[in-house]
Amino acid sequence: MIANQIIVTTPNELYSLIEKAVNTAVLHFSIPQRVDDTFQNEFLTIQEASTMLNLAVPTIYSMVNKRSIPFNKIDGQKKLYFSKNELNEWLKNGRKLTKTELTNKLKLKRNG
């Protein structure tokens, strides 16, 4: 049984084994990989935002130019990023009331 055996190794061999184990752990469990996954799940490129919003890319560029759509841009770079959450909130805030909702709101205002 291996668990009961004592393995004799040199300091260099032990160093090499530890180095390999640490490198393997870093490659498989590194934080930057998870940060990249989070970034990709939270932010969209202009093409992805175009698909999500069902708008043409030039239309989105025009909206960015007018600052009428929320966007992110890293200093010194040309690439635009769009937060999924911010775009969803932007869409929700642009909701217009139906005629029934407007009528009910007007009635409440008159009675209150």
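We did not get these values from a lab; they are worked out from the coordinates using the rules stated. Here the structure is a predicted model, which means the values were calculated and not measured. A quick note on method: Cβ atoms are made from the backbone with ideal geometry, for glycine too, and the neighbour counts reach across all protein chains shown.
If contacts are Cα pairs under 8 angstrom and at least 6 residues apart, what is the relative contact order of the chain in percent? Could the numbers behind the result be given before it?
Details: 48 pairs, mean separation 21.4, N = 112.
Computed over the chain, the figure is 19 percent.
Please give, to one decimal in nm, the separation of the simple spin-label points placed at Val8 and Ser68, each 7 Å out from Cα toward the Cβ.
Between Val8 and Ser68, the simple spin-label model gives 8.1 nm.
Mind ranking 43-50, 58-65 by how tightly packed they are, going by the mean number of other C-beta atoms within 10 angstrom, highest first?
43-50, 58-65
Under 17 Å Cα-Cα from Lys107, which lysines qualify once same-chain neighbours fewer than 8 residues away are excluded?
Cross-link targets: Lys99.
On a straight-distance basis, which lysines could pair with Lys105 in a cross-link, Cα separation under 27 angstrom, same-chain partners fewer than 8 positions away excluded?
The reachable lysines, counting only those whose Cα sits under 27 Å from Lys105, are Lys92, Lys96.
Relative to the Cα centre, what is the charge dipole magnitude of segment 45-95, using +1 at the beta carbon of each Lys and Arg, -1 at the beta carbon of each Asp and Glu, and rounding to the nearest 20 debye?
120
Excluding same-chain residues fewer than 8 positions from Lys79, which lysines have a Cα within less than 18 Å of its Cα?
Those lysines meeting the cut-off are Lys66.
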